[in-house]
1. For segment 57-97, name all the residues that are in a loop (DSSP other than H, G, I, E, B) and of a type in the set (A, V, I, L, M).
2. Scan segment 30-56 for residues that are in a helix (DSSP H, G or I) and out of contact with any Phe, Trp or Tyr (no Cβ under 6 Å at 6 or more places or on another chain) and report the count.
3. Please work out which residue is nearest to Glu21 (Cα to Cα), limiting yourself to segment 52-81 and to residues that are surrounded by 15 or more Cβ atoms within 10 Å (Cβ to Cβ) and under 9 Å from the mean Cα position of the chain (by Cα).
4. List the pairs whose first member sits in segment 72-97 and is closer than 11 Å to Ala33 by Cα and in contact (Cβ under 8 Å) with a residue 24 or more places away in the chain, whose second member is surrounded by 12 or more Cβ atoms within 10 Å (Cβ to Cβ) and aromatic (Phe, Trp, Tyr), and whose Cβ atoms are under 7 Å apart, counting only residues at least 6 apart or on separate chains?
5. Given the conditions (1) within 21 Å of the chain's Cα centre (by Cα); (2) at pLDDT below 95; (3) under 23 Å from Ser94 (Cα atoms), and given that Val49 satisfies all but one, which numbered condition is not satisfied?
6. Find the residue count for segment 18-41, including only residues that are under 14 Å from Leu89 (Cβ atoms) and in contact with a helix residue (DSSP H, G or I) (Cβ under 8 Å, 6 or more places away or on another chain).
7. From the residues in segment 4-29 that are assigned to a loop (DSSP other than H, G, I, E, B) and not small (Gly, Ala, Ser), which one is modelled with the highest pLDDT?
8. Can you name the residue in segment 15-51 that is within 15 Å of Arg76 (Cα to Cα) and of a type in the set (S, T, N, Q) and, of all such residues, is surrounded by the most Cβ atoms within 10 Å (Cβ to Cβ)?
Amino acid sequence: MVEGDRGRYAGRLNDLGRWSEQDAADFESARAAIGAVIAAYSSRLGQTVDVEERAALVAAQQRYARERRLLTLDDREQIERVMRDYPALAREVSEPR
């Protein structure tokens with residue numbers, strides 16, 4: 001950011017919204033839960049040589065990476081769903097086949 005840009009961006013900082021520390025912690029927990037799912041798929045990738053299965057695992061990994069990238073702090077419903085459902089999903093994906 002250049003010196004003259006500060007004034008242009010300063011107004012945007014006031015539009016960021018208000019979130020509690022708990023909201024921020026939940027957001028980070030949800031991102032970590034999605035990361036655990038991605039890691040579980042990565043682990044499965046290392047255990048398979050089947051081309052079709054590998055393609056399916058990579059596609060799933062990419063979907064969850066996109067979901068994590070698009071998750072926003074103000075999407076409470078999505079954050080709660082991820083925190084509720086994804087730890088079990090990561091365990092399920094991690095189970096030996």
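The values are calculated or read from the model by the stated rules, or taken from the named source; none is laboratory data. Quantities reported herein were computed from a predicted structural model and do not represent experimental measurements. A quick note on method: Cβ atoms are made from the backbone with ideal geometry, for glycine too, and the neighbour counts reach across all protein chains shown.
1. Step one: filter segment 57-97 for residues in a loop (DSSP other than H, G, I, E, B), giving 71-75, 95-97.
Of everything in segment 57-97, those that are in a loop (DSSP other than H, G, I, E, B) and of a type in the set (A, V, I, L, M) turn out to be Leu71, Leu73.
2. Of segment 30-56, the ones in a helix (DSSP H, G or I) are 30-45, 51-56.
From what's left, out of contact with any Phe, Trp or Tyr (no Cβ under 6 Å at 6 or more places or on another chain): 30-32, 35-36, 39-45, 51-56.
The qualifying residues number 18.
3. Leu71
4. The qualifying pairs are Ile79/Phe27.
5. Result: Val49 fails condition (1) only.
6. The first filter runs over segment 18-41 and keeps only residues under 14 Å from Leu89 (Cβ atoms), leaving 30, 32-41.
Subsequent filtering for residues that are in contact with a helix residue (DSSP H, G or I) (Cβ under 8 Å, 6 or more places away or on another chain) retains 30, 33-41.
Final tally of qualifying residues: 10.
7. Among those residues, the one meeting the criterion is Trp19.
8. Only one residue fits best here, namely Ser29.
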